[in-house]
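Here the structure is laid out as structure tokens; the discussion comes afterwards.
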There are 4 protein chains.
Amino acid sequence: MTDIQEMTDALIEFRDQRDWEQFHNAKDLALALNIEAAELLELYLWKSPEQANPEKLREELADVIGYALLLAEKLGLDVKEIVMEKIRKNGIKYPVDKSKGNARKYNEL
Amino acid sequence: MTDIQEMTDALIEFRDQRDWEQFHNAKDLALALNIEAAELLELYLWKSPEQANPEKLREELADVIGYALLLAEKLGLDVKEIVMEKIRKNGIKYPVDKSKGNARKYNEL
Amino acid sequence: MTDIQEMTDALIEFRDQRDWEQFHNAKDLALALNIEAAELLELYLWKSPEQANPEKLREELADVIGYALLLAEKLGLDVKEIVMEKIRKNGIKYPVDKSKGNARKYNEL
Amino acid sequence: MTDIQEMTDALIEFRDQRDWEQFHNAKDLALALNIEAAELLELYLWKSPEQANPEKLREELADVIGYALLLAEKLGLDVKEIVMEKIRKNGIKYPVDKSKGNARKYNEL
């Protein structure tokens, strides 16, 4: 079993033990993902990148990934497939010769 | 090689081909993660859960997971380890007998 | 008429000319607010605070405030009243002697 | 004095009593705005629009508006001016005849 499947199974089991699937429609899962992303962001508020609390970073990043995996499962998406596909698409949006060493958005290259 | 490592390696390679690590401090990676989470959320704006564009969902969820993996790599975190650890911690915050069938937050159980 | 009322009236008129109130339930308005906040945040991605595009800042901050005003109107809230009330509450959470010169959150003072 | 100025003055006074301007660069103010927007969003998580806690809505929306006003002040922007300007621009992006009764984004009209 892959790591992704192992994590997803554990998340699904946790959800089903608590009879929570009734709340887990895709829109609310996307909301939850955003809320956790902001909790992660809060660890950097008023701080420089190295000042965030390491223990809380572990927890908040885990929460974000957890909801991303639950959303992938709800939508029937293969996580590795969509990530590798997007890397390929980004390769076209951000050709090396135009984007190397600069952080301009693709529509400003 | 695990799926997580395969995806992370591809993301790191993409970043390094473009000499982008100079921009990828943890705080800006957390910002990027939030921005992508909101682009995913936008697919549900004014809509019911089933109305989001499936092709765009694949792309936006992939973007979110991509930045989550880059952030884990930057912070030296093992994705599966932190996710499984958080599921365990959540088990304590959300005991089955208190949380089954309801969506109350842990401080309202 | 106050500035707040003038802006709110213009936003409501814009909404009603387009028959958009059917979409403007409070939850989706909160979603829209978050999406615009992230578009504002994106202007600072990979950048230092002074590098954000000034013209786009005007637009994105206006979008955030626009949805905040629409949400206040939907919820029947008086903007000045809730803001002044929260400043008072924050004064208790952040007493000057404990919070002066530091950015610690109220539960870490 | 306008309501906007009154609220902004109170926010600036609160900030200066605590010597917090040192933390309030525009990028971190935008971060704070996003974090508060997500706290507002959380009041709707797993819920229908009418189920959000009214007392907390007052607080969280006030927090969002507070940071929006602090950011406007930091950037030297006139709130009413930028909001009315954006309503005008949106009128061009969303002509009544094309957008009436539908929620399509401007690039899909």
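The values are calculated or read from the model by the stated rules, or taken from the named source; none is laboratory data. Please read these numbers as outputs of a predicted model, since none were measured by experiment. With ideal geometry, Cβ positions are generated from the backbone for all residues, glycine too; neighbour counts draw on all protein chains shown.
When restricted to residues that are at positive phi and more than 7 Å from every other protein chain (Cβ to nearest Cβ), the range C:2-33 contains 0. Checking each residue in the range C:88-109 for being touching a Phe, Trp or Tyr at 6+ places or on another chain (Cβ under 9 Å), in a helix (DSSP H, G or I) and at the interface with another protein chain (Cβ under 9 Å from one of its Cβ atoms) picks out C:ASN90, C:GLY91, C:SER99. For the range D:62-82, which positions are in contact with a helix residue (DSSP H, G or I) (Cβ under 8 Å, 6 or more places away or on another chain), more than 7 Å from chain C (Cβ to nearest Cβ) and in a helix (DSSP H, G or I)? Residues satisfying the conditions are D:TYR67, D:LEU69, D:LEU70, D:GLU73, D:LYS74. Within the range C:1-14, count every residue that is in a helix (DSSP H, G or I), surrounded by fewer than 14 Cβ atoms within 10 Å (Cβ to Cβ) and of a type outside the set (D, E, K, R). Matching residues across the range C:1-14 total 1.
Within the option set D:GLU36, D:GLU59, D:GLU50, D:GLU42, being among the acidic types (Asp, Glu), surrounded by fewer than 21 Cβ atoms within 10 Å (Cβ to Cβ) and either facing chain A (nearest Cβ under 10 Å) or more than 14 Å from the chain's Cα centre (by Cα) (or both) holds for one residue only, D:GLU50. If the condition is being part of a loop (DSSP other than H, G, I, E, B) and over 16 Å from D:ASN102 (Cβ atoms), then the range B:36-51 contributes B:LEU43, B:TYR44. Can you spot a residue in the range B:50-69 that is assigned by TED's automatic domain parsing to the domain that holds B:THR2, in contact with a His (Cβ under 8 Å, 6 or more places away or on another chain) and farther than 22 Å from C:ILE35 by Cα? The answer is no, given that none of the residues of the range B:50-69 is assigned by TED's automatic domain parsing to the domain that holds B:THR2, in contact with a His (Cβ under 8 Å, 6 or more places away or on another chain) and farther than 22 Å from C:ILE35 by Cα. Filtered by the rule that a residue be among the aromatic types (Phe, Trp, Tyr) and either within 19 Å of the chain's Cα centre (by Cα) or not in a helix (DSSP H, G or I) (or both), the range B:15-33 gives a lone residue, B:TRP20. Can you confirm whether A:GLU85 is assigned to a helix (DSSP H, G or I), in contact with an Asp or Glu (Cβ under 9 Å, 6 or more places away or on another chain) and in the same structural domain as A:LEU109 (by TED's automatic domain parsing)? Spelling it out, A:GLU85 is indeed assigned to a helix (DSSP H, G or I), in contact with an Asp or Glu (Cβ under 9 Å, 6 or more places away or on another chain) and in the same structural domain as A:LEU109 (by TED's automatic domain parsing). Does any residue of the range C:51-65 turn out to be farther than 26 Å from D:ILE87 by Cβ and at pLDDT 95 or above? Yes: the range C:51-65 contains one or more residues that are farther than 26 Å from D:ILE87 by Cβ and at pLDDT 95 or above. Scanning the range C:21-33 for residues being surrounded by 19 or more Cβ atoms within 10 Å (Cβ to Cβ), among the hydrophobic types (A, V, I, L, M, F, W, C) and without any contact (Cβ under 8 Å) to a residue 12 or more places away in the chain gives a total of 1.
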